[in-house]
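Trainee: Following this message is one structure expressed as structure tokens.
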Amino acid sequence: MGRLVFSKAAYETSRKSRGVTSDKDVTRKGEQHVRETGKLPPSVDPSVDTLRRSMLRLDPTEDGKWEVTVGCPMDIETSVDSTGSMGDNVDRAMSALPRTYELCSAMLPGYDPQLALGFFGDVCDKFVLNRPQFEMEADKIVGYLSEMNPERNGGDTPEDPQYSMFASAYLTSAYTNKIGLKGYYFLCTDAPMHGTISNDTLERIFGEKVWEALKDNGYDFDPLCRPDLRETIEDLKKNKHAFILSIDAEEFYQRYFEGRIIPLLSTDYLPEFESAIIGITEGILEPEEVEKYLESKGVSSFDIKHAIHALLALPFGAQRELEQQNKVYIPKAGDIFENKTDLVPTIKREDDAGVEPESESSAWL
């Protein structure tokens, strides 16, 4: 599956090749596709290849085995409100993409960060959810962001992120879960949610074969016995380190995500706050370092003050606790697997003998 990882030069090249020359209206291609076809582009349509996969990247060896090319995959899914005043968040995500990858990667040494940056709306919108596959190369991430279709409608105040939660909980196949770790799920919104999950809307978003996709992913429930909202959120938290990045909507989400809600003033510093949360959870960023870390990345004192109490209340090193509890071996570049589907390598490389990944060009982030 290759050794390429994100680089800023490849990001700039990809933007240029797609005609994305401004930080505004970056989704022209996706919106044009919708006007012409009435459908979302396949890269962001949740009904196309319904399962979203985060997999270990392996290359065949000369003796028929499989070599880890980058490191253990780490699935990072962000689902951001794209309604009303949040309607420019795809533009913001495109502009911030190098920061997002660089900052999160720095908190995940030895891992292969894989990003699924999606957007949600309201059930009254034509498309409730834009959800891409997990990707790690600049061109693919720039590609799917440019093909989003944010409808930007305000409608009523509550929105419908619960379908994004459902997708992350049940329609994701992640290597992290298979070995006993968790990936990351960030929901960013400025509104409460309707909170109702309907079978009709599930089929509308994910296609009529959604029930088959769920069974293929190990969830043997049908329209008559699927989880309700509270069960969905509990299962989401079992599979992911899940957090709400809330802009004036904390009170509503307390009933579901108590202790996992970070109040923000805006989405201006989303990459910085996400990386801080990852650093705390991974045990990389000590609690006493959090404020200085955010300051060093240019986050304003007002934004830090608004969020710092919630950040410091997060469980430090939660990922490491899972690693110890489940006796996890975390694969690294250069490890050799006997079979592609194995979870533990047969040959474990020494820490200093791994294979270096390749950037998408000569210019690293």
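The values are calculated or read from the model by the stated rules, or taken from the named source; none is laboratory data. What you see is a predicted model, and the numbers here were worked out from it, not measured in a lab. Quick reminder, even Gly has a Cβ in these numbers, built from the backbone with ideal geometry, and neighbours come from all protein chains shown. The accessibility values were calculated without ligands, DNA or RNA, using every heavy atom of the protein model including side chains. Shrake-Rupley method; radii C 1.70, N 1.55, O 1.52, S 1.80 Å.
Trainee: With each label point set 7 Å from Cα along the Cα-Cβ vector, what nm distance links GLU31 and LEU51?
Mentor: 3.6 nm
Trainee: Follow-up. Just how far, in whole angstrom, is the range 9-49 from the range 195-217 if you go by their alpha carbon centroids?
Mentor: 25 Å
Trainee: Answer rounded, prolate or oblate for the chain, using the Cα gyration tensor with square roots of eigenvalues a ≥ b ≥ c: rounded when a/c is under 1.5, else prolate when a/b is larger than b/c, else oblate.
Mentor: Working: a/c = 1.28, a/b = 1.21, b/c = 1.06.
Rounded shape, in that the Cα axes give a/c under 1.5.
Trainee: What FRET efficiency would be calculated for the residue pair ALA313, SER266, taking the C-beta separation as r and a Förster radius of 25 Å, to the nearest 0.05?
Mentor: 0.70
Trainee: Relative to the present Cα-Cα distance, how much length would full extension add between LEU224 and SER301 at 0.36 nm per residue of separation?
Mentor: Taking 0.36 nm per residue and subtracting the Cα distance, the gain is 22.7 nm.
Trainee: Would you work out if the range 205-339 is rounded, prolate or oblate? Take a ≥ b ≥ c from the square roots of the eigenvalues of the alpha-carbon gyration tensor; rounded if a/c is under 1.5, else prolate when a/b is larger than b/c, oblate otherwise.
Mentor: Because a/c hits 1.5 or more and a/b fails to exceed b/c, the range 205-339 counts as oblate.
Trainee: Measure out, as a whole number of angstrom, how far apart the alpha-carbon centroids of the range 231-257 and the range 53-121 sit.
Mentor: With the range 231-257 and the range 53-121 each reduced to a Cα centre, they are spaced 21 Å.
Trainee: Give me the accessible area per residue for the range 66-187, probe 1.4 Å, as a whole number in Å². Provide the component values of the computation, followed by the final result.
Mentor: Values: 2710 Å² over 122 residues.
With the other protein chains kept in place, the range 66-187 gives 22 Å² per residue.
Trainee: Quick one: which of LYS8/LYS297; LYS65/LYS178; LYS215/LYS240; LYS29/LYS126; LYS178/LYS297 span more than 22 angstrom between C-alpha atoms?
Mentor: LYS178/LYS297
Trainee: Fully extended, how many nm does the chain gain between GLN325 and GLU234 (0.36 nm per residue separation, minus their Cα-Cα distance)?
Mentor: 30.8 nm
Trainee: If you don't mind, there's one more thing I want to ask. Counting only heavy atoms of protein chains, what accessible area per residue, in Å², does the range 194-335 have with a probe of 1.4 Å?
Mentor: Per-residue value: 50 Å².
Trainee: For the range 59-210, which whole-number percentage of the solvent-accessible area (1.4 Å probe, protein heavy atoms only) is attributable to carbon and sulfur atoms?
Mentor: 46 percent
Trainee: Give the peptides 124-131, 26-33 in descending order of average Cβ contacts within 10 Å, highest first.
Mentor: 124-131, 26-33
Trainee: A follow-up question, please. Could you sort the peptides 285-298, 244-257 by per-residue average Cβ neighbour count (10 Å cutoff), highest mean leading?
Mentor: Ranked by mean Cβ neighbours within 10 Å, highest first: 244-257, 285-298.
Trainee: Oh, and also: Once amide H atoms are placed 1.01 Å from N in the peptide plane, what residues at a sequence separation of 5 or more from ILE261, or on another chain, have their amide H within under 5 Å of its amide H?
Mentor: Residues meeting the criterion, in which the H sits 1.01 Å from N, are ILE244.
Trainee: Something else about it: Counting DSSP beta bridges in the range 33-150, what percent are antiparallel, to the nearest 5?
Mentor: Antiparallel bridges make up about 40 percent of those DSSP assigns within the range 33-150.
Trainee: Another one. Divide by every residue of the chain the summed helix terms, -39500 (n - 2.57) for each DSSP H run of at least 4, and state the resulting mean residue ellipticity at 222 nm, rounded to the nearest 500 deg cm²/dmol.
Mentor: -10500 deg cm²/dmol
Trainee: What order, most packed first, do the peptides 146-153, 211-218, 52-59 have when packing is the mean number of other Cβ atoms within 10 Å of each residue?
Mentor: Sorting 146-153, 211-218, 52-59 by mean packing, highest first, produces 146-153, 52-59, 211-218.
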